[in-house]
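The values are calculated or read from the model by the stated rules, or taken from the named source; none is laboratory data. This one's a predicted model, so the numbers in the text were calculated from it and none came from an experiment. Note that we place each Cβ from the backbone using ideal geometry, even for glycine, and neighbour counts take in every protein chain shown. For the accessible areas, the whole protein counts, side chains as well, though only heavy atoms, and no ligand, DNA or RNA atoms are used. Shrake-Rupley method; radii C 1.70, N 1.55, O 1.52, S 1.80 Å.
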Amino acid sequence: MSKSTKTILWVFFLIVALVQLFPLIWLVDFSFLSSTEFYSSSVLKWPSDPQWQNYINAWVDGKFLRYFINSAFVTTVTILLTVILSLTLGYAFTRMQWKLRSVFFTIILLGIMIPIHATLLPNFAIFKALGLTNSYLGLILPYTAVSVPLGTFILTGFMRSIPKAMEESAVVDGANIYRIVFQIIAPLTAPALVTVIVTTFLNCWNEFIMASTFLSKDSLKTLPFSVMNFAGQYSSDYGSQFAVMVLTSIPAIIIYAIFNEQITKGVTAGAVKG
Amino acid sequence: MQKVFNNKLAIFLFVFPGILLFALTFLVPIVLSGYYSFRDTLSPGTPSAFIGFANYTELLFHDSRFWLALRNAVLLGLGFILIQHPIAIFFAIMLDRLGGKAEKWFRTIFFIPCVISVVVISKMWLSLLDPTFGAFNKMLDSLGLGFLKHAWLGDSSTALVSMLFILIWAGFGWGLLFYYAGLKGIPDDMYEAASLDGASGFRLHWRITVPLLSPVITVQITLAMITALKQMETVFLTTNGGPGDSTQFLAVYLYNKAFSASQYGYANAISILFIVVCLLATYLSNKLTRSDATEF
């Protein structure tokens, strides 16, 4: 490609990136404004007097730290469970030999197609009867159940490409089935596992409908609630509302920035081999 | 080797927890949903009369909202397939040609909206499209297009289009990433062979890239239809199906029927039909796209 074509392409991408990120730039910009400045005619506005108070409101009244810890705990446990269950299920479906294999595989894959919202109503009734509403488990169980089908699907696709010779030599060396799965297969599926971990993270970290249906106790609420709680409390103070939205977005963006490379690798591995 | 793969205890330990969890949070609820869908009940556990298929006949033959919600999902799915995906494929190809550090940077940037919470996305777009202080109307003003100013989400004639726009913006990065990953799997010598035959530019991509991407496209089309059908959170948090049902979707409808209108039995009937529709859509789009893909 010639240098000039490359420059044109570069400029084109820069413009598109700005347009695509504009809503977020706008959000950050307006989070520093006082509400009176909102109604001026300019699209973006340099804050004459940056309102840091908006961020203090967001941190304190958005109960940011409390909700952040809840989100981190629920998401971590969900990811751990999802990885273990998807790995063992995936292995049983690709390598192990048993009669009902394809039946159970189909049942698990149904989970990708069945909308979770359709099970929301009965799950609410069941969880209420079991005393699982207003508990961490009330989120961890459905989050894991939703993540496992996709995780199993990604991992089975990946495992099929692993040569059986790997396990054969392990058996010769005297490894049992559990060591094979957790010490030999698990590291080999690392790129696919990263995809599973990241998609599970994004889904759980940002999930709102289940959380809002199953939780009413304030001390258990997750990060999206800091935005929701705020909308009513500060209904006309848009600056503070925008500040809480910016704060809520930062953790996910940081995690993404760290794992960005692995996400693409994982998706690439999945797209080529799955 | 056979002995290891036939280990019954290991199979049980590997499969049972996953299946149990799945049964408890998917299968049992669906059965329960089916039970309640035949009853005229206001909330779970309240005594109720068995009313047979009344909820279903009402839904299928007298409830225009149900069909409207389904139509909106189909329109959204078509929007994804006809607008979002071609753009994503185009950008994936351009990105692939860019190369170097810039390729990595832009790929990272384009994905950022995908990591933002749906609550933030919804509230942000509500503000951006706000008729008084929203940036969108201000932008039209500064471009001299003030006459186009609008309550974008508040007017039933523009609400669905605005919703489509928000969802395309939010999901664009995922589509781009999948197509980009697919492109990386196409060996370079395919392009070299084709350019020796005289193909270049647009023709080259139309003849080589698109056909070779077809397995990815197939999966993506199915996923787009499912995503459109399952759409809920963004709608729920912005318009809640309104104004006047113009952005109604099945999940939003059933949620409101159950928790706002207290028609629990009826909401469960919607749930069951919702599941049927999703399974049917997956089956159909698999069938339709598979037959296409075989020629490559």
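Okay, here's what the table says:
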| quantity | calculated |
| --- | --- |
| Qualifying residue in the range A:173-180 (condition: within 11 Å of chain B (Cβ to nearest Cβ), farther than 20 Å from A:Ser135 by Cα, charged (D, E, K, R) and buried (at least 20 other Cβ atoms within 10 Å of the Cβ)) | no |
| Residues of the range A:89-107 classified as farther than 25 Å from B:Ile275 by Cβ and open to solvent by 10 Å² or more (accessible area, probe 1.4 Å), total | 5 |
| Inter-residue pairs, beta-carbon under 9 Å, first outside any helix (DSSP H, G or I) and in the range A:164-176, second acidic (Asp, Glu), 6+ apart | A:Ala175/A:Glu167 |
| Failed condition for B:Ile30, given (1) touching a residue at least 40 places away in the same chain (Cβ under 8 Å); (2) more than 9 Å from chain A (Cβ to nearest Cβ); (3) among the hydrophobic types (A, V, I, L, M, F, W, C) | (2) |
| Filter pass, A:Tyr67 being part of a helix (DSSP H, G or I), more than 10 Å from chain B (Cβ to nearest Cβ) and open to solvent by less than 30 Å² (accessible area, probe 1.4 Å) | yes |
| Close pairs (7 angstrom Cβ cut-off, 6 or more residues apart or separate chains): at negative phi in the range A:71-84, outside any helix (DSSP H, G or I) anywhere | A:Ser71/A:Thr222; A:Ser71/A:Leu223; A:Phe73/A:Tyr136; A:Val74/A:Tyr136; A:Val74/A:Thr222 |
| Only one of A:Ile197, A:Ile185 that is more than 10 Å from chain B (Cβ to nearest Cβ) and open to solvent by 10 Å² or more (accessible area, probe 1.4 Å) | A:Ile197 |
| Qualifying positions in the range A:73-125 - more than 7 Å from every other protein chain (Cβ to nearest Cβ), closer than 14 Å to A:Thr144 by Cβ, at pLDDT 90 or above and touching a helix residue (DSSP H, G or I) at 6+ places or on another chain (Cβ under 7 Å) | A:Val74, A:Thr75, A:Val77, A:Thr78, A:Ile79, A:Leu81, A:Thr82, A:Val83, A:Ser86, A:Leu87 |
| Wholly enclosed helices (runs of 4 or more DSSP H) of the range B:182-296 bearing at least 2 residues closer than 30 Å to B:Leu32 by Cα and not charged (D, E, K, R) | B:210-230, B:233-238, B:250-259, B:264-293 |
| Answer from B:Met163, B:Met190 - the residue that is among the hydrophobic types (A, V, I, L, M, F, W, C), farther than 30 Å from B:Gly244 by Cα and away from chain A (no Cβ under 13 Å) | B:Met190 |
| Pairs with Cβ under 9 Å, 6+ apart, first in the range B:108-135 and within 30 Å of A:Lys265 (Cβ to Cβ) and more than 7 Å from chain A (Cβ to nearest Cβ), second surrounded by fewer than 23 Cβ atoms within 10 Å (Cβ to Cβ) and among the acidic types (Asp, Glu) | B:Ile121/B:Glu233 |
| Scan of the range B:76-86 for residues that are out of contact with any helix residue (DSSP H, G or I) (no Cβ under 7 Å at 6 or more places or on another chain) and either among the aliphatic types (A, V, I, L, M) or within 7 Å of another protein chain (Cβ to nearest Cβ) (or both), ordered by number | B:Leu78, B:Leu82 |
| Scan of the range B:194-252 for residues that are on the phi > 0 side of the Ramachandran plot and either facing chain A (nearest Cβ under 10 Å) or of a type in the set (D, E, K, R) (or both), ordered by number | B:Asp245 |
| Evaluation of B:Phe38 against (1) within 13 Å of chain A (Cβ to nearest Cβ); (2) more than 30 Å from A:Val171 (Cβ to Cβ); (3) open to solvent by 30 Å² or more (accessible area, probe 1.4 Å); (4) of a type in the set (Phe, Trp, Tyr) (one fails), failing number | (1) |
| Long-range neighbours under 7 Å by Cβ, at least six apart or interchain, first residue free of Cβ contacts under 8 Å to residues at least 40 places away in the same chain within the range A:93-116, second surrounded by fewer than 18 Cβ atoms within 10 Å (Cβ to Cβ) and assigned to a loop (DSSP other than H, G, I, E, B) | A:Gln97/B:Asn6 |
| Subset of the range A:223-235 (residues that are open to solvent by less than 10 Å² (accessible area, probe 1.4 Å) and assigned to a loop (DSSP other than H, G, I, E, B)) | A:Leu223 |
